[in-house]
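Undergrad: Dumping the structure here so I can ask a few things about it.
The values are calculated or read from the model by the stated rules, or taken from the named source; none is laboratory data. Bear in mind that the values here come from a model prediction, so they are computed numbers and not experimental data. A quick note on method: Cβ atoms are made from the backbone with ideal geometry, for glycine too, and the neighbour counts reach across all protein chains shown. Please note that ligands, DNA and RNA were not included when accessible areas were found on the heavy atoms of the full protein model with its side chains. Shrake-Rupley method; radii C 1.70, N 1.55, O 1.52, S 1.80 Å.
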Amino acid sequence: MINNLKKRLADEKITVAPGIYDALSGLLVEQAGFSTAYMSGASLAYTRFGRPDIGLIGMREVADTVTVIRERIDIELVVDGDTGYGNALNVMRTVKEFERAGASAIQLEDQDLPKRCGHLNGKTLVPASEMVGKLKAAVDTRVDPETLIIARTDAIAVEGFECALERAEKYLEAGADVLFVEAPENRDQMEKMNLQFSGRIPLLANMVEGGKTPVSGADDLEELGYSIVIFPGGTVRAVSFAMQEYMGELKKTGSTDLWRNRMFDFRGFNDLIGTPEMLAKGERYADPKD
């Protein structure tokens, strides 16, 4: 796997990274032609436990999921590392495990425990100095300099916008490769942060449908100055919406007939996931007497 994310973020064209949570969602993102996917910790909590993003997912669960995803897809993979799952020593282990599993970029945030989704209320933060130490530990630990460290601050909701920018400056100085100022509340804040960091470091935008930030398209965010935009939960929300409709129809009618043009049939799905190719590959190693 070649990690071209650093080079891609240096381009004027914005990188769009849909959220994924398993190998199948990653495969669909790759097949759609995207260069980058975002391994969403929130979506992993949604799909694995059917629970909200409130710190229930651990490092090992994320690393194991990344390993499975990386075995299936080759595009760049940004991995949500939450708080690093503890102090600077925990961050070092997290970076080692995620990089070994195949992460192209590792995102770390400055929330305190118990952490929660960046668009939920009631967040708390660690001191900026503690986050600086965690970022330095992450930078020092990565083996490949092409593995990017993304520094996220949730300070807008806790300390205010100006404090969030002050934290972002400290995280830039600590060696972060990308800044993620979470949950700006209006376009004015989005414009100001891009003006402050333009030409200094790539900025990441997070689009959450129904969240605290005005949702914009990639072209508009590119005009503002963002280098990458993630749509972390959109995938699982779209899948959940479709599945709820499907289950409702199946319960009502006892049949899938009305969904036949809205779903893969058995052969179509096997073509999607590469079953014929895998069976053909296996035949190459079969005993000719069988």
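Undergrad: Within the set of pairs 6 or more residues apart or between chains, which connect a residue that is under 18 Å from Lys7 (Cα atoms) inside the range 192-212 to a residue that is open to solvent by 30 Å² or more (accessible area, probe 1.4 Å) and polar (S, T, N, Q) with Cβ atoms less than 9 Å apart?
TA: none
Undergrad: Given (1) among the small types (Gly, Ala, Ser); (2) surrounded by 18 or more Cβ atoms within 10 Å (Cβ to Cβ); (3) modelled with pLDDT of 95 or more; (4) touching a strand residue (DSSP E or B) at 6+ places or on another chain (Cβ under 7 Å), where does Gly41 come up short, assuming only one miss?
TA: Checking Gly41 against (1) among the small types (Gly, Ala, Ser); (2) surrounded by 18 or more Cβ atoms within 10 Å (Cβ to Cβ); (3) modelled with pLDDT of 95 or more; (4) touching a strand residue (DSSP E or B) at 6+ places or on another chain (Cβ under 7 Å), the one that fails is (3).
Undergrad: Only one of Leu179, Leu148 is crowded, with 20+ Cβ neighbours inside 10 Å, out of contact with any His (no Cβ under 9 Å at 6 or more places or on another chain) and without any contact (Cβ under 8 Å) to a residue 60 or more places away in the chain. Can you tell me which? Steps first, please.
TA: On the way: Leu148 fails: without any contact (Cβ under 8 Å) to a residue 60 or more places away in the chain.
Only one candidate passes the filter, namely Leu179.
Undergrad: Within the group Lys134, Lys123, Lys115, which residue is in a loop (DSSP other than H, G, I, E, B), more than 17 Å from Ala17 (Cβ to Cβ) and in contact with a Gly (Cβ under 6 Å, 6 or more places away or on another chain)? Spell out the reasoning first.
TA: Details: Lys134 fails: in a loop (DSSP other than H, G, I, E, B); Lys123 fails: in contact with a Gly (Cβ under 6 Å, 6 or more places away or on another chain).
Of the residues listed, the single one that is in a loop (DSSP other than H, G, I, E, B), more than 17 Å from Ala17 (Cβ to Cβ) and in contact with a Gly (Cβ under 6 Å, 6 or more places away or on another chain) is Lys115.
Undergrad: Determine which single condition Ala218 fails, assuming it passes every other condition in (1) open to solvent by less than 30 Å² (accessible area, probe 1.4 Å); (2) touching a helix residue (DSSP H, G or I) at 6+ places or on another chain (Cβ under 9 Å).
TA: (2)
Undergrad: Okay, moving on. Out of Glu30, Glu12, Glu61, report the one residue that is among the acidic types (Asp, Glu) and within 23 Å of Leu179 (Cβ to Cβ).
TA: Selected residue: Glu12, the only one of Glu30, Glu12, Glu61 that is among the acidic types (Asp, Glu) and within 23 Å of Leu179 (Cβ to Cβ).
Undergrad: Among the candidates Ile2, Ile14, Ile20, Ile57, which residue alone is buried (at least 19 other Cβ atoms within 10 Å of the Cβ), over 23 Å from Asp82 (Cα atoms) and among the β-branched types (Val, Ile, Thr)?
TA: Going through Ile2, Ile14, Ile20, Ile57 in turn, the sole match is Ile14.
Undergrad: Let me ask something else. In this structure, is Tyr285 without any contact (Cβ under 8 Å) to a residue 24 or more places away in the chain and open to solvent by 100 Å² or more (accessible area, probe 1.4 Å)?
TA: When the stated conditions are applied, Tyr285 passes them.
Undergrad: Another question, then. Looking for whichever is in contact with a Pro (Cβ under 6 Å, 6 or more places away or on another chain) and not aromatic (Phe, Trp, Tyr) here; the options are Gly33, Gly50, Gly55, Gly41. Which one fits?
TA: Result: Gly55 is the single residue among Gly33, Gly50, Gly55, Gly41 that is in contact with a Pro (Cβ under 6 Å, 6 or more places away or on another chain) and not aromatic (Phe, Trp, Tyr).
Undergrad: Considering each residue of the range 213-223, count those that are in contact (Cβ under 8 Å) with a residue 12 or more places away in the chain and aliphatic (A, V, I, L, M), and give that number.
TA: Matching residues across the range 213-223 total 2.
Undergrad: Restricting to the range 44-97, name every residue that is of a type in the set (D, E, K, R), at pLDDT 95 or above, over 15 Å from Leu108 (Cβ atoms) and part of a helix (DSSP H, G or I).
TA: Within the range 44-97, Arg60, Glu61, Asp64, Arg70, Glu71, Arg72 meet the criteria.
Undergrad: Of all residues in the range 6-27, how many are at pLDDT 95 or above and either basic (Lys, Arg) or touching a Ser or Thr at 6+ places or on another chain (Cβ under 8 Å) (or both)? Break it down into steps so the answer makes sense when it comes.
TA: At the first step, the residues of the range 6-27 found to be at pLDDT 95 or above are 14-27.
Now restrict to residues that are either basic (Lys, Arg) or touching a Ser or Thr at 6+ places or on another chain (Cβ under 8 Å) (or both): 14-22, 25.
Here the count works out to 10.
Undergrad: Here's a follow-up. Go through the range 259-282 residue by residue and tally those that are more than 23 Å from Glu71 (Cβ to Cβ) and surrounded by 13 or more Cβ atoms within 10 Å (Cβ to Cβ).
TA: 1
Undergrad: When you go through (1) open to solvent by less than 90 Å² (accessible area, probe 1.4 Å); (2) aromatic (Phe, Trp, Tyr); (3) over 30 Å from Asp144 (Cβ atoms) one by one for Phe241, which number turns out not to apply?
TA: For Phe241, the failing item is (1).
Undergrad: I'd like to check something: does the range 164-175 contain any residue that is in contact with a His (Cβ under 6 Å, 6 or more places away or on another chain), of a type outside the set (Val, Ile, Thr) and either assigned to a strand (DSSP E or B) or surrounded by 15 or more Cβ atoms within 10 Å (Cβ to Cβ) (or both)?
TA: No, because not a single residue in the range 164-175 is in contact with a His (Cβ under 6 Å, 6 or more places away or on another chain), of a type outside the set (Val, Ile, Thr) and either assigned to a strand (DSSP E or B) or surrounded by 15 or more Cβ atoms within 10 Å (Cβ to Cβ) (or both).
Undergrad: Mind checking whether some residue in the range 224-237 is more than 21 Å from Ala105 (Cβ to Cβ), free of Cβ contacts under 8 Å to residues at least 24 places away in the same chain and either open to solvent by 60 Å² or more (accessible area, probe 1.4 Å) or assigned to a helix (DSSP H, G or I) (or both)?
TA: no
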